[in-house]
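The values are calculated or read from the model by the stated rules, or taken from the named source; none is laboratory data. Quick caveat, the model's predicted, so the values are computed rather than measured. Backbone-built Cβ (ideal geometry, glycine too); neighbour counts: all protein chains shown.
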Amino acid sequence: MKTKNYLFNKSKLGSSILSSRIYVTLAALLIGSTMLAQTPEMVSGSPLNAKGFTELGNRLYFNGESSSTGDRWLYSTTGSSANIHSGYVSSGATENDPSNMIAFNGQLIHRGYQPNSGSGYSYELASFNHTSTYDVYAFPELIKNINSGGDSNPRGLTELNGNLYFSADDGINGRELWITDGTEAGTQLLKDINTGSQDGNPNSFIEYNGNLIFEADNGTDGTELWITDGTSQGTEMLIDIRPGSQSSNPHRFIEFDNKIFFTANDGTNGRELWATDGTASGTSMVKDMYPGPQNIYPSDFIVYNGMLYFNASNDVNGREIWVSDGTQSGTSMLKDLNPGGDSSSPTHFQELDGLLYFFADDGTDDGLWVTDGTSTGTTLVVTVSSMPYQGMTNYDGRLYYVTNDANGDGKLWVTDGSASGTELAPSPNVAPNDSPFPNGPGTYNSAVFNGSFYFTADYDNSGLKLYKLTTNNLGIKDYETIDFVIHPNPVEDVLYLESGSNQISEIILFSITGQRLQSWEGKSEINLSEYNSGNYLVKITTENNKSVTKQIIKK
């Protein structure tokens, strides 16, 4: 960490210097990368194996496992304990196993398990009403039994213009497009895309310019690009990318540059990168990145610094990192990390402090990589023993991920984006388990909620429990490229913040011990009159995700 040297005249230090504008962080405050060392704390002593985290109001909801029966129920927490919401009032189900959860109009809409009129149980559309006067004994309730004799299995819940859209099978029309306002009367079939009992199978919904774009099969043209404005009449195939009965299978939708980008196969150029503006004439292939009928399979899309990044594969370079500005000429491979035909398979892209991090294999080692968007600025940060189990979580100025250590044991790691700042995350003081994160799908799940990082782990070798980590990573950084002026200091009421070319996106006020007190978005001045006299920290983040922390004195 660089620090600037300043010579102070002790006789003039006092209030004259403290009241002047602060351009840099005082060297005396450079206290390392972390102000406080915290360890994870257990939220619940039961091995819940939590998954499907969804925030609603002041609670975090999730699918948890009963320690006594192994059945899965809806749980919620504010961070101190976990409450179970078992059964459906009207059905007496032995578990509700919620999934596809979405917060909607004060409700938690989800797919839930309940008895049907046949011989078993099925997944139907359910809700849990979250209120300000929270009742820990409240139950989820069935919205509608769409398929009374079978399994409607609602999925893909996506909000548009005050309603939710999803696919479901009512046992008569096959899997088709449905709509709900959260009530039984307002839950109905929107359109039978593949008429009769065959499946239209609408999938991969994304909201765009007041419409939903998705893929579906009308039984004649194969799985193609569809659009809906929320009405039956306004639900139609947008374009038949692959004419005839074969499918182009458009999916992996992402919004970028005022369009929706996705992958599709037109039958001539293979699976390539496509874009649409919501019209047939405005839908086209961006670039045939692998000329001819071969597939390049673009995947893992992320928008970073005004560009679209992803991985793609060909027989010449293997699967490598690519970048696009949305045009044919502006779409190219960023760097061949594993030269030759072997793949580096870049994945788990995540942004931190204005840079893009990901994992890749350069042919020698798996490693954590970083890019600033240029080939020369794409470099290895640190090698790892294996690829992470899931993606990286950006929490409080650090990236957290789970991968193996040198002994092959699953551990939680944390990085500030540098080799020296990459280390094992702290563990709670419990009975040791060499591998608290079992390797396998669904065994590590995480969420950031209400200032804490929640995750599942088996630290004491008694099952996957829910933990939370609360940190205050306020290492005070001196970014020479961020020209901030804050004044007056000491401050009595209003603190003014000025910036050069860097627009302020967020200001966070912390106590000197690192407790988060208040935040403001898009402000250039903050009123501190309600706070007591003393020392505080102000963390300023710019629109390009650079941040700097400065100490202030409140009079």
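Tabulated results
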| read-out | value |
| --- | --- |
| Residue pairs meeting the criteria (Cβ under 6 Å; at least 6 apart or on separate chains; first on the phi < 0 side of the Ramachandran plot and aliphatic (A, V, I, L, M), in the stretch 534-555; second modelled with pLDDT of 80 or more and part of a loop (DSSP other than H, G, I, E, B)) | Ile552/Asn489; Ile553/Pro490 |
| Residue among Ser152, Ser167 that is outside any loop (DSSP other than H, G, I, E, B) and out of contact with any helix residue (DSSP H, G or I) (no Cβ under 8 Å at 6 or more places or on another chain) | Ser167 |
| Leading residue by the ranking (modelled with the highest pLDDT) among those in the stretch 30-44 that are more than 24 Å from the chain's Cα centre (by Cα) and surrounded by fewer than 14 Cβ atoms within 10 Å (Cβ to Cβ) | Ala37 |
| Conditions (1) free of Cβ contacts under 8 Å to residues at least 24 places away in the same chain; (2) part of a strand (DSSP E or B): number failed by Gln233 | (2) |
| Matching residues in the stretch 50-64 - criterion: being part of a loop (DSSP other than H, G, I, E, B) and modelled with pLDDT of 90 or more | Ala50 |
| Matching residues, the stretch 215-224, being surrounded by 20 or more Cβ atoms within 10 Å (Cβ to Cβ) and hydroxyl-bearing (Ser, Thr, Tyr) | Thr223 |
| Condition check for Thr379: assigned to a loop (DSSP other than H, G, I, E, B), farther than 26 Å from Asp458 by Cα and among the β-branched types (Val, Ile, Thr) | no |
| Complete set of residues in the stretch 170-185 that are of a type in the set (Val, Ile, Thr) and either surrounded by fewer than 23 Cβ atoms within 10 Å (Cβ to Cβ) or in a loop (DSSP other than H, G, I, E, B) (or both) | Ile172, Ile179, Thr183 |
| Residue in the stretch 191-214 that is surrounded by fewer than 22 Cβ atoms within 10 Å (Cβ to Cβ), assigned to a loop (DSSP other than H, G, I, E, B) and β-branched (Val, Ile, Thr) present | yes |
| Hey, Gly514 at positive phi, in contact with a strand residue (DSSP E or B) (Cβ under 7 Å, 6 or more places away or on another chain) and at pLDDT below 85 or not | no |
| Candidate set from the stretch 431-441 (those that are under 13 Å from Gly463 (Cα atoms) and surrounded by 12 or more Cβ atoms within 10 Å (Cβ to Cβ)); member that is nearest to the chain's Cα centre (by Cα) | Phe437 |
| Positions within the stretch 448-482 being surrounded by fewer than 20 Cβ atoms within 10 Å (Cβ to Cβ), among the small types (Gly, Ala, Ser) and either closer than 23 Å to Ser80 by Cβ or modelled with pLDDT of 90 or more (or both), in sequence order | Gly451, Ser462, Gly463 |
| Residue match in the stretch 129-144 (condition: over 18 Å from Phe62 (Cβ atoms), among the hydroxyl-bearing types (Ser, Thr, Tyr), part of a loop (DSSP other than H, G, I, E, B) and at pLDDT 90 or above) | no |
| Counted residues, the stretch 410-426 - those being modelled with pLDDT under 90 and within 20 Å of Asn439 (Cα to Cα) | 1 |
| Qualifying residue in the stretch 316-326 (condition: in a loop (DSSP other than H, G, I, E, B) and over 30 Å from Ser547 (Cα atoms)) | yes |
| Top-ranked residue of the stretch 90-111 - restricted to ones that are of a type in the set (Gly, Ala, Ser) and modelled with pLDDT of 90 or more, ranked as farthest from the chain's Cα centre (by Cα) | Ser99 |
| Of all residues making up the stretch 291-311, the number that are surrounded by 18 or more Cβ atoms within 10 Å (Cβ to Cβ), over 13 Å from Gly326 (Cβ atoms) and free of Cβ contacts under 8 Å to residues at least 40 places away in the same chain | 3 |
| Every residue from the stretch 271-290 that is touching a residue at least 40 places away in the same chain (Cβ under 8 Å) and not in a strand (DSSP E or B) | Gly278, Thr279, Ala280, Met289 |
| Filtered residue count, the stretch 236-265, keeping only those that are part of a strand (DSSP E or B), under 26 Å from the mean Cα position of the chain (by Cα) and closer than 25 Å to Asn173 by Cα | 1 |
| The stretch 196-228, residues that are among the hydroxyl-bearing types (Ser, Thr, Tyr) and over 17 Å from Ser152 (Cα atoms) | Ser204, Tyr208, Thr220, Thr223, Thr228 |
| Those residues of the stretch 273-297 which are touching a Lys or Arg at 6+ places or on another chain (Cβ under 7 Å) and farther than 12 Å from Leu238 by Cα, in sequence order | Leu273, Ala275, Asn295, Ile296, Tyr297 |
| Filtered residues of the stretch 65-89 (kept if touching a Ser or Thr at 6+ places or on another chain (Cβ under 7 Å), closer than 19 Å to Met101 by Cα and modelled with pLDDT of 85 or more) | Trp73, Ala82, Asn83 |
| Conditions (1) farther than 25 Å from Phe253 by Cα; (2) surrounded by fewer than 17 Cβ atoms within 10 Å (Cβ to Cβ); (3) out of contact with any Phe, Trp or Tyr (no Cβ under 8 Å at 6 or more places or on another chain): number failed by Gln188 | (3) |
| Residue satisfying all of: in the stretch 343-360; assigned to a loop (DSSP other than H, G, I, E, B) and modelled with pLDDT under 95; nearest to Ile302 (Cα to Cα) among these | Gly354 |
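For every residue, the table says whether it meets (1) buried (at least 21 other Cβ atoms within 10 Å of the Cβ); (2) closer than 26 Å to Gln38 by Cα; (3) touching a Gly at 6+ places or on another chain (Cβ under 6 Å).
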| site | (1), (2), (3) |
| --- | --- |
| Asn338 | no, no, yes |
| Glu351 | no, yes, no |
| Gly354 | no, yes, no |
| Tyr357 | yes, yes, no |
| Val370 | no, no, no |
| Gly397 | yes, yes, no |
